[in-house]
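The block underneath contains the structure these notes are about, expressed in structure tokens.
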Amino acid sequence: KIKRKESFEKIYFYGNQARFLPSSGPELQRLLVIAKQPDVAAIEIVGHVNYPYHFNQNDSFYIRFNYELSYNRAWSVYNYLVENGVKKEVITFKGVSNTEMKYPNASTESEMQQNRRVEVLVLEE
């Protein structure tokens, strides 16, 4: 049963990479605090990317690239948690590419940044 959904929009990555920008530190720390709470039974990390619908959605290269990028970004968060003491048995992760964008027709940097995010589902026992 889902207890809560947390969005971590300030976990920033270098462009087209799964490597954190240094400015992600505070948000990663916030996530770590949540992940280590005793009532947290399981965590699902969901990686998202920005690829507005006005771009070619049928290009197989970009379809594969966006899924891999979203997966790798979710994996980076998973890896960060495990390296900082969260039990890997309680964490799952996946990438959903651009299938759940907040702004499907993003035209501003702010909208695009909100599409690039990591969400965490916190599950209770």
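The values are calculated or read from the model by the stated rules, or taken from the named source; none is laboratory data. Just so it is clear, the model here is predicted, and its values are computed rather than measured. With ideal geometry, Cβ positions are generated from the backbone for all residues, glycine too; neighbour counts draw on all protein chains shown. Accessible surface areas use protein heavy atoms only, side chains included; no ligands, DNA or RNA. Shrake-Rupley method; radii C 1.70, N 1.55, O 1.52, S 1.80 Å.
Some points to look at:
- Cα shape, segment 1-52, gyration tensor, a/c 1.5 rule: oblate
- Efficiency of FRET from Cβ geometry, N56 and S7, R₀ 25 Å, rounded to 0.05: 0.35
- Accessible surface computed residue by residue for the chain, with neighbouring protein chains in place and a 1.4 Å probe, gives 56 Å² per residue.
- Computed E for Q113/W75 - FRET, C-beta separation, R0 22 angstrom, nearest 0.05: 0.60
- Here the accessible area of the chain is 52 percent carbon and sulfur, with a 1.4 angstrom probe and all protein chains present.
- Against the main long axis of the alpha-carbon atoms of the chain, helix 25-35 sits at an angle near 50°.
- Cα-based shape type of segment 28-125, given that a ≥ b ≥ c are square roots of the gyration tensor eigenvalues and the cut on a/c is 1.5: prolate
- Exposure of M112 as accessible area (Å², to 10), given a probe of 1.4 Å and all protein chains: 40 Å²
- Each stretch of four or more DSSP H residues adds -39500 (n - 2.57); spread over every residue of the chain, this sum gives -11000 deg cm²/dmol at 222 nm.
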